[in-house]
Amino acid sequence: MIEKSVPEPKTALAPMATLSHEALRLLIHRFGDPNEYYTEMIHAPSLLAGGKFEEYYIRTGPCPEKIVWQLTGSEPDSLCRAAEKVLALGGIGVDLNMGCSAPAIVRTGAGISWMLKPAGETSGMVHAVRKVVDSFAKDGRRPRLSVKLRLGEEASCEKLAGFCSMLVDSGVDSITLHPRLKKEKYSRPARWDFVAALASSLPVPVFGNGDIFSVEDAVSVFRKFPCAGIMIGRAAVRKPWIFRDIREYAGREFSGVPSLPEKKAVDLLETAGFFLDCLVETQPPEFFITRAHRFFSFYCDNFYFAHYVKTKILNSSSYDGIMEILSGYFDENPSDRFKIC
């Protein structure tokens, strides 16, 4: 029995520290873009200080028009000035990070701390950034102001809805919910029922983020928990072609034709080499190894002997070394090189 078709959701690459940079976007673009690319978290005070590496956080390739600038900070003034700086580069708009629960971020009063501060303080900050965003309106188009957040310290639909209503009243145009509590790690399943509840109660688009690892996950989540869009993070690193596959599947599934698109073979070795080339071209030498290691900690999950390859790559400190490890692995395991997806 064919289920009733539903509107096709938008897709977005999640903001991930050391991962959501231009090199990853170039790799994903090669297969097929999401609707939106969130940047990795940009620390507003550091951006304003003009540090040695800040220029690499605000590169816009390959699709400047799809960029969403995610900012973090603890003071309205720095967030406003940083918003002004990034909006001058274009993009969809600014996203305020109210979801990061890393202790180092929380201690500064940034990230999820904005959910825990007095409502008036958070509202005032949003109002201030809204004014900056509005100043970039042109030809009838106004950049978007969005917020990405978690559930907070307790799983309460009422409190979450109240907080998000305050954000909307303060000028927020869109919200992305990562439905886990402040202290919960990825081992705790994401509570997508909160996403659906929030989407049905707010007058602005609501995206959901968490535990989408495949095309089937994306379709299932959107059918069970209707919302404006789905944000994908770790799975987009592991499978850079996932947005392409979701789009192709959605063209069938959401129109009421439940059939998978034609399977394609991905050359995992060639794809890895392309990513490393992009990393060299778009990131400073000082970032190369840490970002390469971070990428392969997910990408290697495509391999049958994933742990073995990850361990060897994590002990490598050069482009040539990583490619030698990968080439050697596929020489020994040729059937593992091409992934049908």
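The values are calculated or read from the model by the stated rules, or taken from the named source; none is laboratory data. These figures come from a predicted structure and were not determined experimentally. All Cβ positions, even for glycine, are placed from backbone atoms using ideal geometry, and neighbour counts span all protein chains on display. Surface areas here come from the heavy atoms of the whole protein model, side chains and all, with no ligands, DNA or RNA. Shrake-Rupley method; radii C 1.70, N 1.55, O 1.52, S 1.80 Å.
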Compute the convex hull volume of the Cα atoms of the range 89-188, divide it by the residue count, and report the result per residue in Å³ as a whole number.
112 Å³
If the chain between Arg81 and Arg188 were fully stretched, how many nm would it gain, using 0.36 nm times the residue separation less the Cα-Cα distance?
34.9 nm
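Within the accessible area of the range 43-196, what % is carbon and sulfur when the probe is 1.4 Å and the other protein chains stay in place? Don't jump to the answer; show the numbers that get you there.
Details: 3490 of 6720 Å².
Solvent-exposed carbon and sulfur of the range 43-196 make up 52 percent of the total.
Given only helices, namely DSSP H runs of n ≥ 4 each adding -39500 (n - 2.57), what is the per-residue ellipticity at 222 nm of the chain, to the nearest 500 deg cm²/dmol?
Values: 16 runs with 161 residues, N = 341.
For the chain, the value works out to -14000 deg cm²/dmol.
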Counting only trypsin sites (Lys or Arg not before Pro) that are in a DSSP loop and have at most 14 other C-beta atoms within 10 Å, tell me the longest site-free stretch of the chain.
53-182
What nm value, rounded to one decimal, do you get for the distance between Ser317 and Lys224 when each label is placed 7 Å out toward the C-beta?
4.6 nm
Derived scalar couplings ³J(HN,Hα) [the range 220-235; Karplus, 6.51 cos²θ - 1.76 cosθ + 1.60; whole Hz; x for Gly, Pro]:
4, 4, 5, 5, 7, 10, x, 7, 6, x, 10, 9, 10, x, 4, 5
What does the charge dipole of the chain about its Cα centre add up to, to the nearest 20 debye, if the Cβ of each Lys and Arg holds +1 and the Cβ of each Asp and Glu holds -1?
580 debye
Which lysines have a Cα less than 24 Å from the Cα of Lys185, not counting those fewer than 8 places away in the same chain?
Lys117, Lys148, Lys159, Lys224, Lys239, Lys310
Could you check the spin-label model distance between Ser156 and Glu332? Points 7 Å from the Cα along Cα→Cβ, value in nm.
5.5 nm
Descending accessible area (1.4 Å probe), largest on the left, turns Glu270, Glu286 into Glu286, Glu270
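Based only on Cα atoms, what Rg/Rh ratio does the range 142-230 have, Rh being taken as Kirkwood's radius?
Value, to two decimals: 0.95.
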Of all DSSP beta bridges having both residues in the chain, the percent classed as antiparallel (nearest 5) is 10 percent
How much FRET efficiency would the formula 1/(1 + (r/R0)^6) give for Lys138 and Lys339, where r is the Cβ-Cβ distance and R0 is 30 Å, rounded to 0.05?
0.10
Added length on full extension, which subtracts the Cα-Cα distance from 0.36 nm per residue, Asp277 to Leu181:
30.8 nm
In nm, to one decimal, how far is the Ala265 label point from the Lys117 one, both placed 7 Å along Cα→Cβ?
5.5 nm
How much length is gained if the chain between Ser165 and Ala88 is pulled fully straight, taking 0.36 nm per residue apart and subtracting their Cα-Cα distance, in nm to one decimal?
24.9 nm
Degrees separating the helix 157-170 axis from the principal Cα axis of the chain, which is the longest one
70 degrees
